[in-house]
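Below: one structure, written as structure tokens.
The values are calculated or read from the model by the stated rules, or taken from the named source; none is laboratory data. Quick caveat, the model's predicted, so the values are computed rather than measured. When we count neighbours, we look across all protein chains shown, and the Cβ atoms used for this are built from the backbone with ideal geometry, even at glycine. Areas reflect the complete protein model, heavy atoms only, side chains present, ligands, DNA and RNA absent. Shrake-Rupley method; radii C 1.70, N 1.55, O 1.52, S 1.80 Å.
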Amino acid sequence: MIRPRPWLHAIHPYRPGSHAVTADGSMASNESPLGASPQVALAVAAAAGAAHHYPDPLADTLRAELAHRHDIDPDQILVGNGSDELIYLLAWAYLAHGGHAVCADPAYRMDEISSMVVDARLTRVPLRRWTHDLDAMADIDADIAYVVNPHNPTGTAHTHSALERFAENCRAHLAVFDEAYIDFTDDPDTTTAMPLAREGRAAVLRTFSKIHGLAGLRVGYLVASKEIVETLRTVRAPFSVSTLAQAAAVAALRDEPHRQAVRRHTLEQRTVLTQLLTDAGYQVVPSQANFVLVRATDEDALVDGLAAHGISVRPGSTLGVPGTVRISVPTAKGLSLLQQALG
Ligand SMILES: Cc1ncc(COP(=O)(O)O)c(C=O)c1O
């Protein structure tokens, strides 16, 4: 009988957030409360006519749009089936057969899982005051250092000077900055690592799953040096990003007013959500993302209590932070549900 490779036994599979009965009550997966741009459905319908053709392997139209937007060479961009695919490609290319990764503890779970799949060594550096301990992480001689900025599941973000210092001192061969939530930052001291990626000094991951609301279509991208992109191209499956997903991403990028509306809604409702929870007696970690992490002495009681009101949230114990609950910024109706539940 065939058996899995022995190191796979140590992996706890990823546990996705559960959906509530209603979309308004679903606050477990950091999805867009306003959905995708209406232009996306039109673009997907139009692209469906080409469903019998293989997709463009490198998503050239999308890459050109992204290159223009980030003022970067298209050959420094790789589009993937969500940023999760790109995280796997990095692990296969740079961590398999004796590699070493460093990440925060708790980490974004796919950084951990992909490293463990290729039997890499993984060093977890505990957070300090809910943020990455960048100085301690920089000191570790690894192949890849994963920094999630803003962090999932805490929502904390790093300042420009902290990122610069990290990039300067980092002993890992490659710093990967996962910026899935960067569109939701409003602290002027926080920053993107895109200039570092442009110079080939780091890799940046972005996703269309959050502000663009395309979680169900699976599109993300990596920006890095041309050499890294070329290496990952040799590893990837050629048609991993479907024609519909590519068309949707282009349409989403071109609808800047919708992106702005999602950002506005998220920032406004994040403040209201934080206040609501604070008024109800909970400590909330100040967030720069589209969710908040709430401290709860009885995590199960809070999760179950909200579930009784038709609200699904993410138990912190499934994210490596027991004694907390992660709540995504909801719709306006979702917020009323929460208000009733907490009241
Ligand atoms: C930090 C982080 N990176 C990546 C992802 C996944 O992105 P995608 O849907 O593009 O695979 C998530 C999703 O929750 C995330 O929190």
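Looking at segment 86-102, I want the residues that are under 9 Å from VAL118 (Cβ atoms) and have a partner that is part of a helix (DSSP H, G or I) and open to solvent by 40 Å² or more (accessible area, probe 1.4 Å) with Cβ atoms under 6 Å, at least 6 apart or on another chain. Which pairs are those?
TRP92/VAL235
So which pairs qualify, if the first residue must be in segment 269-283 and within 19 Å of THR331 (Cα to Cα), the second must be open to solvent by 50 Å² or more (accessible area, probe 1.4 Å) and not basic (Lys, Arg), the Cβ gap must be under 7 Å, and the two must be at least 6 apart or on different chains?
Within 7 Å, the pairs are LEU276/GLN339.
Go through segment 15-39 and give me each residue that's within 15 Å of the ligand (Cβ to nearest atom) and not in a loop (DSSP other than H, G, I, E, B).
Passing the criteria: only SER26.
If we scan segment 228-243, do we find a residue that is of a type in the set (D, E, K, R), touching a helix residue (DSSP H, G or I) at 6+ places or on another chain (Cβ under 9 Å) and surrounded by 18 or more Cβ atoms within 10 Å (Cβ to Cβ)?
yes
Would you confirm whether or not segment 78-88 contains a residue that is surrounded by fewer than 22 Cβ atoms within 10 Å (Cβ to Cβ) and away from the ligand (no atom under 14 Å from the Cβ)?
No, segment 78-88 contains no residue that is surrounded by fewer than 22 Cβ atoms within 10 Å (Cβ to Cβ) and away from the ligand (no atom under 14 Å from the Cβ).
For segment 193-221, name all the residues that are surrounded by fewer than 23 Cβ atoms within 10 Å (Cβ to Cβ), within 14 Å of the ligand (Cβ to nearest atom) and within 22 Å of ALA138 (Cβ to Cβ).
Across segment 193-221, there are no qualifying residues.
Any residue in segment 147-165 that is more than 12 Å from TRP130 (Cα to Cα) sitting within a Cβ distance under 8 Å of a residue that is among the β-branched types (Val, Ile, Thr) and assigned to a loop (DSSP other than H, G, I, E, B)? List the pairs, counting only those 6 or more apart or interchain.
THR159/THR191; HIS160/THR191; LEU163/THR191
Going by the structure shown, is ASP84 modelled with pLDDT of 95 or more, part of a loop (DSSP other than H, G, I, E, B) and in contact with a Ser or Thr (Cβ under 9 Å, 6 or more places away or on another chain)? Step through it out loud before you land on a result.
Working: modelled with pLDDT of 95 or more: yes; part of a loop (DSSP other than H, G, I, E, B): no; in contact with a Ser or Thr (Cβ under 9 Å, 6 or more places away or on another chain): yes.
Criteria not met by ASP84.
Say whether the condition of being closer than 30 Å to HIS265 by Cα, away from the ligand (no atom under 16 Å from the Cβ) and not assigned by TED's automatic domain parsing to the domain that holds ILE228 is met by at least one residue in segment 6-14.
Of segment 6-14, the ones closer than 30 Å to HIS265 by Cα are 14.
Narrowing the set further to residues that are away from the ligand (no atom under 16 Å from the Cβ) leaves none.
No, segment 6-14 contains no residue that is closer than 30 Å to HIS265 by Cα, away from the ligand (no atom under 16 Å from the Cβ) and not assigned by TED's automatic domain parsing to the domain that holds ILE228.
Quickly run through segment 89-105 and pick out the residues that are open to solvent by 10 Å² or more (accessible area, probe 1.4 Å) and at pLDDT 95 or above. Let's see the steps before the verdict.
As a first pass, look at segment 89-105 and keep what is open to solvent by 10 Å² or more (accessible area, probe 1.4 Å): 92-94, 96-98, 100, 105.
Selection gives TRP92, ALA93, TYR94, ALA96, HIS100, ASP105.
Scan segment 180-196 for residues that are within 17 Å of the chain's Cα centre (by Cα) and modelled with pLDDT of 95 or more and jot them down.
Filtering segment 180-196 for residues within 17 Å of the chain's Cα centre (by Cα) gives 180-185, 190-194.
Listed by number, the residues that qualify are ALA180, TYR181, ILE182, ASP183, PHE184, THR185, THR192, ALA193, MET194.
Return the pairs, sorted by first residue and then second, in which the second residue is charged (D, E, K, R) and outside any loop (DSSP other than H, G, I, E, B), the first residue lies in segment 292-303 and is touching a residue at least 12 places away in the same chain (Cβ under 8 Å) and over 15 Å from GLY320 (Cβ atoms), the beta carbons are less than 9 Å apart, and the residues are 6+ apart or on different chains.
Qualifying pairs under 9 Å: VAL292/ARG270; VAL292/ARG326; VAL294/ARG326; VAL303/ARG314.
Mind listing whichever residues of segment 106-122 are open to solvent by 10 Å² or more (accessible area, probe 1.4 Å) and within 18 Å of ASP141 (Cβ to Cβ)?
Listed by number, the residues that qualify are ALA120, ARG121, LEU122.
Quick grid of which residues meet (1) farther than 19 Å from THR207 by Cβ; (2) touching a helix residue (DSSP H, G or I) at 6+ places or on another chain (Cβ under 8 Å); (3) outside the structural domain of VAL229 (by TED's automatic domain parsing):
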{"site": "LEU122", "(1), (2), (3)": "yes, yes, no"}
{"site": "ALA138", "(1), (2), (3)": "yes, yes, no"}
{"site": "ALA145", "(1), (2), (3)": "yes, yes, no"}
{"site": "THR156", "(1), (2), (3)": "no, no, no"}
{"site": "SER161", "(1), (2), (3)": "yes, no, no"}
{"site": "HIS173", "(1), (2), (3)": "yes, yes, no"}
{"site": "VAL176", "(1), (2), (3)": "no, yes, no"}
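Could you tell me whether any residue of segment 59-71 is open to solvent by less than 40 Å² (accessible area, probe 1.4 Å), at pLDDT 95 or above and either within 25 Å of CYS170 (Cα to Cα) or not assigned by TED's automatic domain parsing to the domain that holds ALA202 (or both)?
Initial filter on segment 59-71 (open to solvent by less than 40 Å² (accessible area, probe 1.4 Å)): 59, 62-63, 65-67, 70.
Next, only the ones that are at pLDDT 95 or above stay: 59, 62-63, 65-67, 70.
Of the ones still in play, those that are also either within 25 Å of CYS170 (Cα to Cα) or not assigned by TED's automatic domain parsing to the domain that holds ALA202 (or both) are 70.
Yes, there is a match, as at least one residue in segment 59-71 is open to solvent by less than 40 Å² (accessible area, probe 1.4 Å), at pLDDT 95 or above and either within 25 Å of CYS170 (Cα to Cα) or not assigned by TED's automatic domain parsing to the domain that holds ALA202 (or both).
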